[in-house]
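I have placed the structure first, in the form of structure tokens, so that the comments after it can refer back to it.
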Amino acid sequence: MRNVGFALGGLAAGLAITIGTPSAYAAIVVVNAASYAVAFLLLLSVPATASSGHRPEPGSWATVLRDRPYRLLVLGQLCFAMSMMVLNVVLPVYATTVLGLPGWVTGTVFTLNTVLVGLGQGLVVRAMTGARRWRVLLLAHATFAAAYAVMALAGALPVALAVVALLLGSVVYTAGELLGGPVHGALSAEAAPEHLRGRYLSLVQLAWGVAGAVAPVTFAWLLDRGVWPIWAALGAIALAGGLVALRLGR
């Protein structure tokens with residue numbers, strides 16, 4: 001569901017960039033604010049559950065923060081989250097502004113991503129059942145790196161070939177997403193002790209929050225400097241994620 005939301009939001013952003021008027025950008029802001037209001041009302045409608053007493057369990061935030069292997073997992077989650085921002089933050093601007101491609105290219109990228117995730121996520125999870133999780137994460141980051149190389153190559157090609165390269169790169173990128181997302185989700189929950197799982201998972205959510213705050217500014221600054229800086233930086237993030245996965249294996 002989160003991925004569908006990302007895809008729909010990115011599609012709307014691509015449409016706003018294609019229109020390119022202040023009114024289009026203002027509409028995105030208004031609709032986004034309204035979506036938070038709707039989410040708030042939906043949360044208010046969730047029925048309350050009866051509280052039940054339980055004895056305090058040992059452990060505190062100090063226990064969570066001293067857990068070095070889990071801190072490493074959160075760092076890997078941060079690298080993955082930064083890569084997950086590429087579809088929404090980088091691709092619309094890269095395609096339409098940096099490469100000057102038609103606006104429909106962005107829409108096609110998001111449509112491909114949504115369809116592949118919708119139809120392929122269950123198949124991918126079943127296919128990798130029994131695999132070493134750190135190896136799947138390593139493969140996910142390697143796949144991201146391959147996608148970035150293809151997308152960077154699009155900047156050196158004529159328009160028709162650039163469109164093909166960008167669409168191919170988005171398919172490879174989605175494969176990395178399909179591989180890494182379920183594994184990170186499972187590891188984050190199962191590596192935490194049950195009585196402190198909420199606090200542990202809050203660190204994972206913090207990694208996503210940091211990525212969501214840092215990625216737009218950082219990626220926009222890199223995009224303003226041409227084709228290669230953004231993909232070099234993203235390649236470095238994928239490399240860092242791969243190294244973290246290797247360390248997690250140990």
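The table that follows gives values for the structure above.
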| quantity | calculated |
| --- | --- |
| Label point 7 Å beyond Cα of Ala131 along Cβ direction - residues of the range 61-100 with amide nitrogen under 18 Å | 77, 80-81, 84 |
| Computed [θ] at 222 nm, deg cm²/dmol, the chain (DSSP H ≥ 4; -39,500 (n - 2.57); rounded to nearest 500) | -26500 deg cm²/dmol |
| Net charge, Leu206 excluded, C-beta distance under 14 Å - Lys, Arg +1, Asp, Glu -1 | +2 |
| GNM result for the chain, Cα springs below 10 Å: residue of Thr114, Thr49, Thr106 fluctuating most strongly | Thr49 |
| With DNA, RNA and ligands ignored, accessible area of Arg133 (1.4 Å probe; Å², nearest 10) | 90 Å² |
| Solvent accessible area, Å² - Trp228, 1.4 Å probe, full protein context | 150 Å² |
| The chain: angle of helix 68-84 to the longest principal axis, Cα-based, in degrees nearest 10 | 30 degrees |
| Accessible-area value, Ser23, 1.4 Å probe, nucleic acids and ligands omitted, Å² | 90 Å² |
| Solvent-accessible heavy-atom area per residue, rounded to whole Å², over the range 109-238 at 1.4 Å | 47 Å² |
| Carbon and sulfur %, accessible surface of the chain computed with the full protein complex present, 1.4 Å | 71 percent |
| Relative contact order of the chain, pairs being alpha-carbon contacts under 8 Å that are 6 or more residues apart, as % | 31 percent |
| Selection of trypsin sites (Lys or Arg not before Pro), the range 22-131, meeting DSSP coil and at most 10 other Cβ within 10 Å | Arg66 |
| Cα→Cβ-extended label distance, 7 Å offset, between Arg66 and Ser23, nm | 6.2 nm |
| C-alpha center-to-center spacing [the range 226-250, the range 67-81] in angstrom | 14 Å |
| Residue with peak Gaussian network fluctuation, the chain [Cα springs, cutoff 10 Å], from Val31, Val136, Val117 | Val31 |
| Distance between modelled label sites at Asp224 and Phe40, nm, 7 Å Cα→Cβ extension | 3.2 nm |
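The values are calculated or read from the model by the stated rules, or taken from the named source; none is laboratory data. Just so it is clear, the structure is predicted and the values come from calculations on it, not from any experiment. Don't worry about glycine lacking a Cβ; one is built from the backbone with ideal geometry, like all the others, and counts go over all protein chains shown. We work out accessible area using only protein heavy atoms, side chains counted, and drop any ligands, DNA or RNA first. Shrake-Rupley method; radii C 1.70, N 1.55, O 1.52, S 1.80 Å.
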